[in-house]
Amino acid sequence: MHGIGNKPPEAELNAQWDDALFGRAMGGRSRLAYWAPLRYPQPLPGATDGDAERPAASPLEVAVRAVPVPPEDFAKSVLAEARGESVPPSAFESGRAPAAGPDEAALEKWLTDMTYAAEALGAGEDGDRALEVLPLPRSGRTAVFRLLIQRAFKDVYAYFFGGLGEPIREVARQALAGTEGPVVVVGHSLGSVVAYEVLRAAGREVPLFVTIGSPLGITEIQDRLEQPLEVPPGVAAWRNASDTRDLVALDHTVRPEFRPGELTEDVTVVNDSANHHGAQQYLSSAAVRDPVRALVG
């Protein structure tokens, strides 16, 4: 189950995940819950789209050139953008209308915390590991992390408050419906939240549930989930992997909150993508790849 942001075409993204996890194409043995079109009508140009018209400037280029604003102002602007975005027409197809949510500012603390963490990362204050893989000045590094925050927050906001929750969960349910027997489920970023909610209701036999770069440890996200917090029925083991510099996975543990704790395991991995949140870097890490391969082969 993929995470935040627009994606390349489905077949290409599925192939990328196969390669990162297994080193080869898996054919019908792997299945991608591809929900990006619900929020992004046009996919990112694929690797074979060499002649496709490209935007004049990428979102990152725009972010790097933007005039820096204080963290408080940045957080307020992202929240305002999330609130102001109209619900995509796809959310209303087949009579689906967004359910009224309670306090739509419930995620504001997470947004603020991510923003301040981004400032620290941009300044190079990232603990034991420096950002050698991102040779940009501080303003450029900060722009990378702020772009991640915008995508993550706006997509999560749309899922919980913008009417996209049920349509996205239906994509995941359909992906599961096309399989028989036990399944290994991997969810990245927001996709981990979707996978968790669908598995909790599905009761499928899942020998391994893997979450990568997940916000499921965040209190503000947990408050939106069915209570009490539990490992989904049928899940025999839950491995939660994150990089300590990943802003989306700002709280890196699920073991303390989700019961029974003996079924959960939190592991720290190194994700050296530019924003430390890249799915392929997570999938190719030994802590994620090896237990999946042991079961799937």
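One residue alone among Val267, Val210 is part of a strand (DSSP E or B) and surrounded by fewer than 19 Cβ atoms within 10 Å (Cβ to Cβ), and that residue is Val267.
Please verify whether the range 228-240 includes one or more residues that are modelled with pLDDT of 95 or more, among the acidic types (Asp, Glu) and surrounded by fewer than 22 Cβ atoms within 10 Å (Cβ to Cβ). Within the range 228-240, one or more residues are modelled with pLDDT of 95 or more, among the acidic types (Asp, Glu) and surrounded by fewer than 22 Cβ atoms within 10 Å (Cβ to Cβ).
Taking each residue of the range 183-208 that is at positive phi and looking for partners that are surrounded by fewer than 20 Cβ atoms within 10 Å (Cβ to Cβ) with beta-carbon atoms closer than 8 Å, six or more apart or interchain, yields Gly203/Pro233; Gly203/Gly234. A count restricted to the range 270-297 and to residues that are assigned to a loop (DSSP other than H, G, I, E, B) and more than 29 Å from Lys109 (Cα to Cα) stands at 3. Of these, Gly191, Gly187, Gly217, which one is touching a Gly at 6+ places or on another chain (Cβ under 7 Å), of a type in the set (Gly, Ala, Ser) and either under 21 Å from Leu107 (Cα atoms) or not in a loop (DSSP other than H, G, I, E, B) (or both)? None of the others qualify; the one that does is Gly191.
Scanning the range 269-284 for residues that are more than 17 Å from Leu32 (Cβ to Cβ) and out of contact with any strand residue (DSSP E or B) (no Cβ under 7 Å at 6 or more places or on another chain) yields a total of 9.
Do we have any residue at all in the range 9-25 that's part of a loop (DSSP other than H, G, I, E, B), modelled with pLDDT of 95 or more and surrounded by 12 or more Cβ atoms within 10 Å (Cβ to Cβ)? Yes, the range 9-25 contains at least one residue that is part of a loop (DSSP other than H, G, I, E, B), modelled with pLDDT of 95 or more and surrounded by 12 or more Cβ atoms within 10 Å (Cβ to Cβ).
The values are calculated or read from the model by the stated rules, or taken from the named source; none is laboratory data. Just so we're clear, the structure is a prediction, and the values are computed from it rather than from any experiment. Glycine gets a Cβ as well: all are built from the backbone with ideal geometry, and neighbour counts include every protein chain shown.
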